[in-house]
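The values are calculated or read from the model by the stated rules, or taken from the named source; none is laboratory data. Everything numeric here is computed off the predicted structure, so don't read it as measured data. Positions of Cβ are backbone-derived with ideal geometry, glycine not excepted, and every protein chain shown enters the neighbour counts.
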Amino acid sequence: MTSKRTGHGVVFLHGNIYAIGGRIEVAYLNVVESFNIKDNIWETKASMKNPNGYFGASTELLFTINLIMQ
């Protein structure tokens, strides 16, 4: 990954591992990166609309759901 983080979602889809969102210190991220296992390369993908971390991810569809907890 090019962005060191914690609390990110991870899924395996079509031969790639996706690292989605997460957190650096107190800031949540909207970064999405994929790792191509065959070519051993990380690539930055389109960012999420809203920063997010500590969520679940599914390989059926690649999406996140924002929950606001107060």
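Across segment 14-56, which residue is surrounded by the most Cβ atoms within 10 Å (Cβ to Cβ) among those that are part of a strand (DSSP E or B) and aliphatic (A, V, I, L, M)?
Within segment 14-56, the subset part of a strand (DSSP E or B) is 16-20, 23-24, 27-29, 32-36, 41-44, 52.
So of that shortlist, the ones also aliphatic (A, V, I, L, M) come out as 17, 19-20, 24, 27, 29, 32, 41.
Working: ILE17: 15, ALA19: 22, ILE20: 24, ILE24: 14, ALA27: 10, LEU29: 20, VAL32: 20, ILE41: 10.
So, considering only residues that are part of a strand (DSSP E or B) and aliphatic (A, V, I, L, M), the one surrounded by the most Cβ atoms within 10 Å (Cβ to Cβ) is ILE20.
Check ILE41 against each of (1) β-branched (Val, Ile, Thr); (2) out of contact with any strand residue (DSSP E or B) (no Cβ under 6 Å at 6 or more places or on another chain); (3) modelled with pLDDT under 90 and name the one condition it does not meet.
For ILE41, the exception is condition (3).
Could you check segment 1-13 and list, in sequence order, the residues that are in a loop (DSSP other than H, G, I, E, B) and among the hydrophobic types (A, V, I, L, M, F, W, C)?
Of everything in segment 1-13, just one residue is in a loop (DSSP other than H, G, I, E, B) and among the hydrophobic types (A, V, I, L, M, F, W, C), namely MET1.
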